[in-house]
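What follows is a short report on a single structure.
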Amino acid sequence: MEIKLKKEIEPKYNYQIVEPSEIINLTNFFEKGSLAMVKSGENYSSATEFFLVTNKVPELDGRYSIFGKVVKGIGVLEKLDKEDLIYEIIISN
């Protein structure tokens, strides 16, 4: 997991914010369109879950890594239902 704090050049790895007062020091916050991932399972597992956030979710701030954001096509994200199956996501630069 990667957490980027203000006033620090490098992100922190394997660091989870526990103290609520530290959240204001984050550079990335969960808002509509955030693309994130969480490692699931044991510490040495390679299983991960990716998720797209459909609205602001402050309870995830500092707990999971944000590594992208929907910048085009947010309307498609808004139409997704939790029962929908996504077959493909194309990430471009």
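Of Ser34, Ser65, Ser21, the residue with the greatest mean-square motion in the GNM of the chain, using alpha carbon springs below 10 Å, is Ser21. Can you bin the chain into rounded, prolate or oblate? Criterion: square roots of the alpha carbon gyration tensor eigenvalues sorted a ≥ b ≥ c, rounded for a/c under 1.5, prolate for a/b above b/c, oblate for the rest. Prolate shape, in that a/c is at least 1.5 and a/b is the bigger ratio.
To the nearest 0.05, what FRET efficiency results for Asp81 and Thr27 with a Förster distance of 35 Å applied to their C-beta separation? Calculated transfer efficiency: 0.65.
In the chain, a dipole from Cβ-located charges (positive for Lys and Arg, negative for Asp and Glu) runs towards its positive end, and of Ile91, Phe51, Val18 it is Ile91 whose Cα lies farthest in that direction. Rounded to the nearest 500, the helix-only mean residue ellipticity at 222 nm of the chain stands at -1500 deg cm²/dmol, with each DSSP H run of n ≥ 4 adding -39,500 (n - 2.57).
We did not get these values from a lab; they are worked out from the coordinates using the rules stated. Only a predicted model underlies this, so the values are computations on that prediction, with no experimental measurement involved. Cβ atoms come from the backbone with ideal geometry, glycine included; neighbour counts cover every protein chain shown.
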